[in-house]
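Visitor: Just dropping this structure here.
The values are calculated or read from the model by the stated rules, or taken from the named source; none is laboratory data. It should be emphasised that the depicted structure is a prediction, and the values quoted were computed from it without experimental measurement. Here the Cβ positions follow ideal geometry from the backbone for every residue, glycine too, while neighbour counts run over all protein chains shown.
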Amino acid sequence: MDESNNSIRPTNKKLLRIIVPIIIVIIVAGIWAVKNTQDKDEADVKDSSDFALHVTSKIDLEKLKSYGLPIIIDFGADSCIPCKEMAPVLKELNEELRGKAIIKFVDVWKYQAFVEDYPITVIPTQVFFAADGKPYKPKDPNVAQMRLFAMKDTGEHVFTTHEGGITKEALLEVISEMGAD
């Protein structure tokens, strides 16, 4: 009987030497697959045309709101001097905050029809929506130099705007207050 027990033990050891590395490889491959799927999903969101800075078709505001991110839409023009000063700030924020906030620029002279749904009287004007999809309500609109627009019949708050140029630091404060991660 000793001989039969000895012959089983080496077979079990050989089997374990094969099975254990296979199990380890499967576990590592599973972890890698899960991680890469999450990274790809995040990259897809960040590369989406909804996150492109320059607007070339009418904005689907409801779709943008569905991301659950703060939204800033800057209405200006490529040939407007204050707008040109805002351009690098918007570009930096769009790149730095992709996936955390939506930053858009609409050239009102090229795309006049895209302005129709917004209270734009001067350029540049920024329109703000909080992460919950509602118009941003600043803690102190006067300090932030914000204008709040409401429906005449219901009093419902529908837009918050800032007219003129605004610094990167000020925009970052607003974005943070609007619920950016």
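Visitor: For the subset of region 122-142 comprising residues that are assigned to a loop (DSSP other than H, G, I, E, B) and touching a Phe, Trp or Tyr at 6+ places or on another chain (Cβ under 7 Å), which member is surrounded by the most Cβ atoms within 10 Å (Cβ to Cβ)?
Guide: Keep residues of region 122-142 that are assigned to a loop (DSSP other than H, G, I, E, B), which gives 122-124, 130-134, 136-142.
After this cut, where a residue has to be touching a Phe, Trp or Tyr at 6+ places or on another chain (Cβ under 7 Å) as well, the list is 123-124, 130, 136.
Working: I123: 20, P124: 25, A130: 21, Y136: 28.
Among those that are assigned to a loop (DSSP other than H, G, I, E, B) and touching a Phe, Trp or Tyr at 6+ places or on another chain (Cβ under 7 Å), it is Y136.
Visitor: Another one. Looking at this structure, is I166 crowded, with 18+ Cβ neighbours inside 10 Å and modelled with pLDDT under 95?
Guide: Values: crowded, with 18+ Cβ neighbours inside 10 Å: yes; modelled with pLDDT under 95: yes.
Considered against the rule, which asks whether it is crowded, with 18+ Cβ neighbours inside 10 Å and modelled with pLDDT under 95, I166 comes out as yes.
A quick yes/no check of all residues on (1) assigned to a strand (DSSP E or B); (2) in contact (Cβ under 8 Å) with a residue 40 or more places away in the chain; (3) touching a Ser or Thr at 6+ places or on another chain (Cβ under 9 Å):
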position	(1), (2), (3)
I59	no, yes, no
G68	no, yes, no
I72	yes, yes, no
D78	no, no, no
P82	no, yes, no
M86	no, yes, no
V89	no, yes, yes
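Visitor: Scanning region 1-39 for residues that are of a type in the set (K, R) and more than 51 Å from the chain's Cα centre (by Cα), which turns out modelled with the lowest pLDDT?
Guide: Step one: filter region 1-39 for residues of a type in the set (K, R), giving 9, 13-14, 17, 35.
Within this subset, residues satisfying the condition of being more than 51 Å from the chain's Cα centre (by Cα) are 9, 13-14.
On the way: R9: 62, K13: 75, K14: 75.
Among residues in region 1-39 that are of a type in the set (K, R) and more than 51 Å from the chain's Cα centre (by Cα), the one modelled with the lowest pLDDT is R9.
Visitor: Could you check D44 against (1) modelled with pLDDT under 95; (2) assigned to a strand (DSSP E or B); (3) acidic (D, E) and say which number it fails?
Guide: Unmet for D44, out of (1) modelled with pLDDT under 95; (2) assigned to a strand (DSSP E or B); (3) acidic (D, E): (2).
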